Every structure is written in structure tokens, then in C-alpha cells.
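The structure appears below as C-alpha cells.
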There are 2 protein chains.
Amino acid sequence: MPIPDSVLAELQSLLGARLSVTQVDRDQHGASESYHSAPPPDAVAWPETTEEVSAILRLCNAHLVPVIGWGTGTSLEGHALAVKGGITLDMSRMNKVLEIRAEDMQVSIQPGLTREELNTELRATGLFFPVDPGANASLGGMAATRASGTTAVRYGTMRDNVLALEVVLADGRVMRTGTRAAKSSAGYDLTALMVGSEGTLGIITELTLRLHGQPEKIAAAVCAFPTLEGAVDCVTATIQSGIPMARIEFIDEVSVRAFNSYAKRDFPEQPHLLIEFNGSEASVAADAESFGALAEEFGGQGFQWAATPEERNALWKMRHQAYPAQLSVRPGSTAMVTDICVPMSKLAEAVAAAHEDIAADGMVGPILGHVGDGNFHSALLVEPGNEDELKRAKALARRMAERALAVGGTISGEHGVGIGKRALMAEEHGEAWAVMGVIKAALDPNNILNPGKLVPDRG
Amino acid sequence: MPIPDSVLAELQSLLGARLSVTQVDRDQHGASESYHSAPPPDAVAWPETTEEVSAILRLCNAHLVPVIGWGTGTSLEGHALAVKGGITLDMSRMNKVLEIRAEDMQVSIQPGLTREELNTELRATGLFFPVDPGANASLGGMAATRASGTTAVRYGTMRDNVLALEVVLADGRVMRTGTRAAKSSAGYDLTALMVGSEGTLGIITELTLRLHGQPEKIAAAVCAFPTLEGAVDCVTATIQSGIPMARIEFIDEVSVRAFNSYAKRDFPEQPHLLIEFNGSEASVAADAESFGALAEEFGGQGFQWAATPEERNALWKMRHQAYPAQLSVRPGSTAMVTDICVPMSKLAEAVAAAHEDIAADGMVGPILGHVGDGNFHSALLVEPGNEDELKRAKALARRMAERALAVGGTISGEHGVGIGKRALMAEEHGEAWAVMGVIKAALDPNNILNPGKLVPDRG
């Protein structure tokens, strides 16, 4: 159903040039970083204030026009696609740092600010925001997706680092959740309910985030292993031993080949761990020694330490380029990126099984992941429009997800549900998925907020 | 409205002797640890299985009979009082450890198990469950209240340590939330919604908890300070400096006097900090040295180290007896225990203001708290039935709460809402309190789950 002209006119008078119905703007906000596709939204709006977001939602709610939040468009599960049409709210103009409260290790920001922009602002304070999903995503989008990434093993996910929110509800009411206190028992944890709700319960217009002290010493390294099992078992042993890793990433030999070719490196084509320690000089040295002993036990060899900040940045930049590097293995391809997360004791068998399944199918699917959390990804490379490949990739992804569920894991460690994981939600959640639908219907009775995502279809 | 005879008969046939309508059982489950009072429930049930809980709820939902969960009865805000009558579900017979998964550092338990019972079971595993609210509460009750306590500064609250739940919904459906994976982005965080919902959204019948490694070394100490401000400023500086305290508790001179008299100790009658470090031999020594330097800066003196486990246990046992010790200051009294939590930078002024307000009123109100989180309590001692004192205590508590809200804090750091904090919910949450009511109405349309608590009255 197209947006009624009267609604467009009212939005135009509210936003002026910050409302667009041009094909180029619509197409830009109808694109996906992965294999998902959908028609573009009917219009794109760039609000600048909470009041504008509120006015837009009030109007859209009254006229049953879908509203989809948009951060930087880096989601991998089609979260921000306008599958039911409507207006995409591009939050990029709401990107201010509102207040840094260094003594409380907190910052209040607008949702369009990206994590790299925030950390640039924080540089002089001795503090930083640790959650690092790789992409330079908007912090509102990261909260909406409950993102995590390479540092979650040490600093937690967005669940752990969002203290408070301002959220505009479907009918335009503005709600504030959480406080600036470190903890609270005063009622339902609506902050946690909103984090990970993917724009289906409200539009985030302000976030209060926990900050962390910049570590005195950071040391990073790469280490090759003769076998996938050796590398993954080393991770499990490391986590079980309690060594406080800041990052511990697995990359398989296919990913290493992709890195080498894309970033012009020459790592041995073997499974690797990329690791980082944060702490004092003394604690980092002690942690590195403990880890080194474990790595040796599991066949780790050829440690390369990134001693300078430049070398370290190069190392993590390489890791952050994993996705384009993987795509470059097969030029012109797109990817279905799997995202299961399992209990640590089940990690080695889950990675090995994924590896074998992919090999048996013959598909190209490099594996890497935030293995310190039990979370890993394979990027199943498919040719756009090749239905057979898409079908095979979906079958592989489903098998991985079912294996995760069978051992008490989850279908999504950090990428979220969007449209890509929706078909698996009933299997993971059972009755709880219906309850998510009940909550959605109660808070968004007209189903205008990112419809067609996350919860079951209505009625 | 009394429970219909037909419902009682059906419950009796389901539960046999595990349903009671005797005055003594009802009175036992109509009592409160603090100043709250209400008529007892109409009946008490002791379910033994999830299926029984489900059958009870299905029946009560059909006949509009209120159902109130009961752990060990140690809540301080009247959470488990049957203010609208109905049946109290005493969960103490569902107290099994279901599965310890040491390699994943997780345990699955039933809700009636207490935290001390769990830690006894875990002793041989090298793991422990850290959340410690003082009372030997049931873990289901701790989850329902989003409890925390002395160790939250290091290990987090129940929010951070509950991974998954089984919950029976108002209509008897059984829902499982969360997984055994360390993190998940698969949909709304219903675990976090249930933790802290105080039995108003469902009855918890199983919990999966995160465990932590027993530290290699534990060191505890008490340290006196010449002034309240010195002690509290020392805490703020300690937290800001990033020293990883396992516990850091403030007790004012009135509380010290209470301890001395109740536990036969002879601490100087000055403000004190009780502290604990967990870690390796080396890290504990380094942390203790860093803290010692800070404490000295703020006038700390007369460190007494608890070197042996026995001395350490005696120290924390004393802390855990704070509540009876405080009550003993005024024999026959009961207490209104305040529970505000503020950002660290506002802690010193909040504690000082509370101290001055209490002194100005002339009421006895010893102060102590989990100051590493910005959370502290005053136990305002009132004579049962003395309306004037109750009114004064309420006025003092409200002033503290309003001061907390004015600096971005919360009316409850860890005790929850129950009936005691309900009058302040609108002030803290505004629109969000209405949203809590909408969620409650959607999940419990007949309002049978702990009615009269936490959310606004309906209609």
C-alpha cells in the first residue's frame, strides 16, 4: 500500500528537504550488505530531533504507514529492508555526543553516531567504548541488533553496555528507560527489552552507554595451528582456564587465504587464532605467558606479536576486513553469513561439523568467529540470482542452526533475526516466540514498526 | 474475594497435603521481613513440578484467583504479600540442582534452591555462584527481584548471571527463555524481562545460571575512616581508578555500634569500609597495595586484614547480620530499609544528605551499602504501629528517593518494587511505567500474577 499523498505532504511540511521520494535515495535505503533483497521503501526521512521522530510516528501510526529505522545499513540479516513498504528513518543526522560523564564512565549520545566516531570523541578522556562488531555501525543500530563482536569475551555485548535509552513508541509517545545508576531493581528491564528488538518496538533516539578505561597496555598476536580442532580446543581451554582475553578470534585456512590475497599478507594457510590482552604491563605479560603455554599444548606455532599500535591496528583492520576479503574469494558473489553460538564445551564439534558440511557440499564458505563466546560465522558465498546455490546455502545454514539448537545454543550470536533468521525462531524459542508476538502487538497494535521482522505474523 | 470451594477441591486433589488453608501456614506466608503488612493468603501450595505449577495457574487463571510466588520470604518490600488474597506458591520443594555443567561454567537449578545450598553443592567443582544479597534467599526469588548485594561490583547482579529460564505463564503455558550460549541476538530478551518482574509476569520454575571460578586467593579487610565523606570519596576514587574490587561496603558509625553490640566486636565507632579482593596471589597483592594507597589519601587507618578463611567468613557473616544487628539497636522495632542507587560521582553527596536528613529528624537510621555500585541503605527503625514514626520514615525515604532521581539515579538498587516502592514508580519511569502496565496486561490479562504490585493499577 503506497503512502497516502496527504501523509507525504504532512511529512514534507515537517521535514522539508529531509524527506525524499527520489529513486536514488529509496534504492540506497533498500540495499542490503548480504543476500537479502526487497523493494525499496516508499520514502526516506532524516529526522534531527526526538520531537520529529515522535511526530513522524504519530502520523504514520494514524495512517498505518510502516516505519523502518536505518543506521548505517551494515546489518547482515535484512533488518532494515522495507519488506512491507513505508518510510525509512535514516538516523544519521542524529549523531551528536550529548554528554560525556567521565567520572561516571558514561556517555549519552544520539543513535546515528558510529562507534568509531564515539571513540574518536573519547580519545582524550582515557575511556573508550569497547563493543566492536567490525563494521563502523551506528550505535543505535548496534543496540537495536544487540550487536557484539571481537571484544565481547571481555567487555560484553550491547546488552551489557547500554544503561539507558530514550525510545519513541509506535504512537509517538517518548519513553525513557533505565537510569544513570550502575544497577536498578525498579521494575521491568525495558532497556534490555529494547536492546535487540530491531526497531520493532520503538525507535531509539538516545542512548546512555557504559565506558571502560583505556587499558594501560594492549598486546596482540596471531598464532597458527596445524588443525582446526587444535585451534578451537585451545580457545575452549583458554576460556575455561579463566585467562582474561580481550579478544580471541578464530580464522580457518580458507579465510587466511582470503586475507592474504585481499590484504597482501603472507600468513601460512592454516587455521589461526588472533588474540589480544588488555591490562597492566605485568598482567598482560602474565596472561600472554599463560596463553602461550596453552597454545603450545594444542600445537600453536609461529606466534607473531604486534608490538606497536600500528602493527596492532593493522592486525585488527585485517580482521575487520574479513567480510570483503571473504567476498573477494569469489568476485561478484554475495554471502549468506551464518551466526550460531554454542556453549564452549560444544564449540570444537560445532566448528568441525560446519567445516565438514561445507566441504561435503563443495560450496566456498570460509569460517571465522568470536570463538571466546562460542560464536562463529561461515560466509557461504553464492552467486546473486543462482537459486540452486541459495538453496544449498540455506540448507547448510539450517543444518548449522539445528546443530546449535541441539546442544543448547542459539541461531544468532550477534547478527540478529531480521528476515534471515525468522524461519528458525519457532525452533529456538517455542512458546517464547509467541510471547514475543504478544509483546509486539501490545506495544505496536497497528504493526507499523519494522513489520515483517523478528516476531510471528499476526492473526 | 475468597477462593471458590470448587477450586480448592480441585487443588486438593492435585496436591493433596501440599495444599494448606490452616491459619498457621497462611500466617507464615503472610509475614514480611520489614514494616509491610497485609492479610495472609487464602491458601498455600507447595508444588513439586513444573506441571503442577502449570496446572495451578491454569485453574487459577480460569477462576481469577491471585497467585503469589514465595521463595524464603526475605524480601524487604512486601513482594510476596497476598494483598489481593489468593494462593501463595511456596517453591521450597522445588529445590534441586538439575545439572552442573562445569566445563561451560553453568548450572541448571530449580527456583526454591537457596544460594548457600547451591554453593555447597558447587564446592568440589572449583566454581561458585557469586551473587550475594546477604539473606540466604532462594535463587528464584533472587531472580524475580533482580537481587544483587555485596559482590555485584565485581560479578554483576542477577541480570548478569541468569542465562536462561523456564517460566510458567498466567494461563499455564510453559515458556523457556534464553539458551546455554554465552550470548544471543535471537529476538527479545525475555530472560531479562522476567528477571526483576517480581512474579507479575510468570512463575519461574527453572534457572540456568552463570558460574565463576573460585578465586585462587581471597583477601578481606576492614578499614576505619575519620569521616563519612572520606570513606565514600575513597570508594568513588577506587572505582574510578579501576581497581577490581570483589566487594567494597560502607558502614556508618551507627551501624558499627550495632555490629559491636550484636556480634560482640570492638571496632572503633567510626565509618568503615569492608573490602575484598579476588584473584591470583600476585594480583590480589597488587590490588591491595593500590587500594591501601588510596585509602591512606582519604584518611583510612587501622587496616585489619582477615588472613584466614575463618576470619574472612566472620567478617562477612557480621556484614550479613547487618539487618538483625541494626534492628537490635532498638529492640522490638521494625525497619523501612531505603535502597537508592546513584551514579558514582553523586554518591558522597547522596550519603551525606541522607545522613543529615536522618539526624535532623532524630530518627535512628544506620546507613550501609554496596557503595561500589553507588547503592546504599538506611534502616529507618520504627515502632510497629506508631503511625507518626512510619510517616516520618516515609518522608525521609521519599526525600532520599527524590534526591536519587534528581541526579539520574534509581529508587531501588536491588530490593525491588513490591508494594513499598510502587508510589515512586511514576516519578522514576514516567511513560515507561505505563508501558510496564501494558506488558503486564498483555501477558496476564486476568491480572492473577502477584496483583497489586510493581505496575500501575489497571483501567
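The values are calculated or read from the model by the stated rules, or taken from the named source; none is laboratory data. Source: prediction; values computed, not measured. Quick reminder, even Gly has a Cβ in these numbers, built from the backbone with ideal geometry, and neighbours come from all protein chains shown.
Search region A:308-324 for residues that are assigned by TED's automatic domain parsing to the domain that holds A:G149 and at pLDDT 85 or above and pair each with any residue that is surrounded by 11 or more Cβ atoms within 10 Å (Cβ to Cβ) and part of a helix (DSSP H, G or I) when their beta-carbon atoms are under 6 Å apart and the residues are at least 6 apart or on different chains.
Within 6 Å, no pair qualifies.
Give just the number: which of (1) more than 10 Å from chain B (Cβ to nearest Cβ); (2) at positive phi does A:G178 not satisfy?
(1)
Out of all the residues in region B:371-398, which are on the phi < 0 side of the Ramachandran plot and surrounded by fewer than 16 Cβ atoms within 10 Å (Cβ to Cβ)?
Once the filter is applied, which keeps residues that are on the phi < 0 side of the Ramachandran plot and surrounded by fewer than 16 Cβ atoms within 10 Å (Cβ to Cβ), region B:371-398 yields B:E383, B:P384, B:N386, B:E387, B:D388, B:K391, B:A395, B:R398.
Which residue out of B:E310, B:E296, B:E349 is over 20 Å from the mean Cα position of the chain (by Cα), of a type in the set (D, E) and over 26 Å from B:K217 (Cβ atoms)?
Criteria check complete, one pass: B:E349.
Restricting to region B:332-370, and then to whatever is in a loop (DSSP other than H, G, I, E, B) and under 21 Å from B:V407 (Cβ atoms), can you tell me which residue is modelled with the lowest pLDDT?
The selected residue is B:H370.
Is one or more of the residues making up region B:170-182 within 19 Å of B:T410 (Cβ to Cβ), touching a residue at least 40 places away in the same chain (Cβ under 8 Å) and out of contact with any strand residue (DSSP E or B) (no Cβ under 6 Å at 6 or more places or on another chain)?
Looking for residues that are within 19 Å of B:T410 (Cβ to Cβ), touching a residue at least 40 places away in the same chain (Cβ under 8 Å) and out of contact with any strand residue (DSSP E or B) (no Cβ under 6 Å at 6 or more places or on another chain), one finds none in region B:170-182, hence no.
Looking only at region B:263-275, which residues are touching a helix residue (DSSP H, G or I) at 6+ places or on another chain (Cβ under 9 Å) and within 13 Å of B:A314 (Cβ to Cβ)?
Result: B:A263, B:R265, B:F267, B:L274.
Scan region A:404-438 for residues that are more than 7 Å from chain B (Cβ to nearest Cβ), buried (at least 24 other Cβ atoms within 10 Å of the Cβ) and under 15 Å from the mean Cα position of the chain (by Cα) and jot them down.
Passing the criteria: A:G418, A:G420.
In region A:235-283, which residues are within 14 Å of chain B (Cβ to nearest Cβ), polar (S, T, N, Q) and either under 16 Å from A:V371 (Cα atoms) or not in a helix (DSSP H, G or I) (or both)?
A:T236, A:T238, A:Q240, A:S241, A:N278, A:S280
From (1) closer than 25 Å to A:S148 by Cα; (2) acidic (D, E); (3) without any contact (Cβ under 8 Å) to a residue 12 or more places away in the chain, pick out the condition that doesn't hold for A:E249.
It is condition (3) that A:E249 fails.
Check A:I248, A:I340 and return the single one that is outside the structural domain of A:R146 (by TED's automatic domain parsing), surrounded by 15 or more Cβ atoms within 10 Å (Cβ to Cβ) and over 19 Å from A:G365 (Cβ atoms).
Result: A:I248 is the single residue among A:I248, A:I340 that is outside the structural domain of A:R146 (by TED's automatic domain parsing), surrounded by 15 or more Cβ atoms within 10 Å (Cβ to Cβ) and over 19 Å from A:G365 (Cβ atoms).
Among A:T120, A:T125, A:T88, which is within 29 Å of B:V407 (Cβ to Cβ), more than 14 Å from chain B (Cβ to nearest Cβ) and out of contact with any Ser or Thr (no Cβ under 8 Å at 6 or more places or on another chain)?
A:T120
Just wondering, is there one or more residues in region A:228-236 that are farther than 25 Å from A:V342 by Cα and out of contact with any helix residue (DSSP H, G or I) (no Cβ under 8 Å at 6 or more places or on another chain)?
No.
Does region B:359-373 hold any residues that are closer than 20 Å to B:E77 by Cα and within 14 Å of chain A (Cβ to nearest Cβ), and which are they?
The answer is B:G369, B:H370.
Among the residues of region B:439-456 satisfying the criterion of being in contact (Cβ under 8 Å) with a residue 40 or more places away in the chain and not in a loop (DSSP other than H, G, I, E, B), which is farthest from the other protein chains (Cβ to nearest Cβ)?
Once the filter is applied, the top-ranked residue is B:L449.
Contact list please: Cβ distance under 9 Å, first residue in region A:119-131 and on the phi < 0 side of the Ramachandran plot and small (G, A, S), second residue in a strand (DSSP E or B) and surrounded by fewer than 20 Cβ atoms within 10 Å (Cβ to Cβ), pairs at least six apart or on different chains.
Partner pairs satisfying both residue conditions: none exist.
Scan the helices (runs of 4 or more DSSP H) fully inside region B:1-99 and keep the ones with 3 or more residues being more than 30 Å from B:G385 (Cβ to Cβ) and in contact with a helix residue (DSSP H, G or I) (Cβ under 7 Å, 6 or more places away or on another chain).
Correct list: B:5-15, B:50-62.
Could you list, in sequence order, all residues of region B:310-332 that are surrounded by fewer than 17 Cβ atoms within 10 Å (Cβ to Cβ) and of a type outside the set (S, T, N, Q)?
Within region B:310-332, B:E310, B:E311, B:A314, B:K317, B:P324, B:R330, B:P331, B:G332 qualify.
Within the bounds of region B:214-228, is there any residue that is in a helix (DSSP H, G or I) and either under 30 Å from B:E356 (Cβ atoms) or away from chain A (no Cβ under 12 Å) (or both)?
So far as region B:214-228 goes, yes, one or more of its residues are in a helix (DSSP H, G or I) and either under 30 Å from B:E356 (Cβ atoms) or away from chain A (no Cβ under 12 Å) (or both).
Being buried (at least 22 other Cβ atoms within 10 Å of the Cβ) and facing chain A (nearest Cβ under 7 Å) is the requirement here; does B:G196 meet it? Can you show your working first?
Details: buried (at least 22 other Cβ atoms within 10 Å of the Cβ): yes; facing chain A (nearest Cβ under 7 Å): yes.
Taking the combined requirement at face value, the residue satisfies it.
Only residues that are farther than 30 Å from B:A335 by Cα, touching a residue at least 12 places away in the same chain (Cβ under 8 Å) and over 24 Å from the mean Cα position of the chain (by Cα): list them for region B:21-52, please.
Hits for region B:21-52 are B:E48, B:T49, B:T50, B:E52.
Select from region A:100-117 the residues that are in a helix (DSSP H, G or I) and more than 21 Å from B:K183 (Cβ to Cβ) and write down the one among them that is farthest from the chain's Cα centre (by Cα).
Among those that are in a helix (DSSP H, G or I) and more than 21 Å from B:K183 (Cβ to Cβ), it is A:E103.
Name the residues in region B:377-396 that are in a helix (DSSP H, G or I) and closer than 17 Å to B:A352 by Cβ, would you?
Of everything in region B:377-396, just one residue is in a helix (DSSP H, G or I) and closer than 17 Å to B:A352 by Cβ, namely B:L396.
Which helices (runs of 4 or more DSSP H) sit wholly inside region A:134-174 and have at least 3 residues that are more than 11 Å from chain B (Cβ to nearest Cβ) and surrounded by 24 or more Cβ atoms within 10 Å (Cβ to Cβ)?
In region A:134-174, the matching helices (runs of 4 or more DSSP H) lie at A:139-145.
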